[in-house]
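The values are calculated or read from the model by the stated rules, or taken from the named source; none is laboratory data. Everything quoted here is computed from the prediction, not taken from an experiment. So basically every Cβ, Gly included, is an ideal-geometry build from the backbone, and we count neighbours across all protein chains shown.
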Amino acid sequence: MQIIKTKDAPDLLEKGFPLSQATVSRNGMVFISGQLPIDPATGKLVEGGILEQTEQVMRNLNAILKAAGCTFDDVLKADCWVRDLAKNGKAFNVSYKSLFPNNYPAREMCGGAEIAMGALVEVALIVEVPE
């Protein structure tokens, strides 16, 4: 197993979470840990609502994808958690859809969950490294 780590995304291990940003299996599958809307420069949650938090999560995911040699086109599955799905689900989907202009990956989306650090959103990805 290979560990992916980039300074362009938050290092949650430093915040006490026992996880890697991402791991790569021998067969080229990348598993990106759930990303919170943390600004890697400050180590704090971004201010604002669901749109600002979702955009930060996507920037963090993009940084990890790049470090693994991938893009959003290589994403096979997304696991998404939104704290208040009834209130924030539509706004989350606006930002989410813009990342996948050609094809959407498989996805789970859960609402009502308590998300670490009081975040409104968290997203994890399963990705295949391109040949």
On the basis of being modelled with pLDDT of 95 or more and either of a type outside the set (A, V, I, L, M, F, W, C) or surrounded by 16 or more Cβ atoms within 10 Å (Cβ to Cβ) (or both), does L12 make the cut? no
When you check C80 against the structure, is it touching a residue at least 40 places away in the same chain (Cβ under 8 Å), under 12 Å from the mean Cα position of the chain (by Cα) and either assigned to a helix (DSSP H, G or I) or closer than 19 Å to S20 by Cα (or both), yes or no? yes
List the pairs whose first member sits in the stretch 6-26 and is over 13 Å from A116 (Cβ atoms) and among the basic types (K, R), whose second member is modelled with pLDDT of 90 or more and assigned to a loop (DSSP other than H, G, I, E, B), and whose Cβ atoms are under 9 Å apart, counting only residues at least 6 apart or on separate chains? K7/P40
Among residues belonging to the stretch 27-57 that are in contact (Cβ under 8 Å) with a residue 12 or more places away in the chain and under 18 Å from V129 (Cα atoms), point out the one that is surrounded by the fewest Cβ atoms within 10 Å (Cβ to Cβ). M29
Listed by first then second residue, the pairs whose first member lies in the stretch 107-131 and is farther than 25 Å from K66 by Cβ, whose partner is loosely packed, with under 15 Cβ neighbours inside 10 Å and of a type in the set (D, E), with beta carbons under 8 Å and at least 6 positions apart or on separate chains, are G111/D84; G112/D84
